[in-house]
Amino acid sequence: MFGIPGLQLWHIVAILVAALIIFGPKRLPDVGRWLGRSITDLQKGSQEMTNALREGMSEARAEQQKNNTIANPAPTQSVPSGDNKFCTKCGSPNPQDALFCNKCGNPFPTQS
Ligand SMILES: [Zn+2]
């Protein structure tokens with residue numbers, strides 16, 4: 001979600017390019033070895049971080065879901081039947097103040 005894997009890859013590429021510039025192609029094998037160790041450490045660290053992050057996020061999501069169900073129980077499409085007017089064309093229920101049928105677009109006669 002926060003682009004950590006992408007960022008990490010980008011960092012590795014940046015380090016590689018910087019190493020190429022600083023050490024030159026001749027010393028790249030040494031740099032590669034050093035880099036390999038660094039990446040292993042980095043991955044170990046980021047794995048722990050990702051786990052912690054994922055744990056925290058799923059906890060937050062569960063919490064949010066709980067709050068959502070309390071705040072708005074079930075997103076209902078159906079309007080209470082007392083407030084409905086029914087489309088003359090398709091018969092689907094619409095709110096009283098609807099100007100057009102929300103299903104087929106049939107215009108309702110304006111009540112006055
Ligand atoms: Zn309709």
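Please treat every number below as a calculation from the coordinates, not as lab data. Everything numeric here is computed off the predicted structure, so don't read it as measured data.
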Exercise. Any lysines with Cα under 27 Å of the LYS103 Cα? List them, leaving off those in the same chain fewer than 8 positions away.
Key: LYS85, LYS89
Exercise. Rounded to whole Hz and in sequence order, give me ³J(HN,Hα) for the range 43-51 from the Karplus expression 6.51 cos²θ - 1.76 cosθ + 1.60, θ = phi - 60°, writing x for Gly and Pro.
Key: 5, 4, x, 6, 4, 5, 5, 4, 4
Practice problem: Bin width 5 Å, alpha-carbon pairs only: give the P(r) of the range 3-52 as whole percents, running from 0 to the bin holding the largest distance. | Solution: 5, 20, 27, 22, 13, 9, 4, 1, 0
Quiz item: Taking amide hydrogens as modeled 1.01 Å from N in the peptide plane, which residues meet the under 5 Å criterion relative to LYS85, leaving out close sequence neighbours?
Solution: ASN94, GLN96
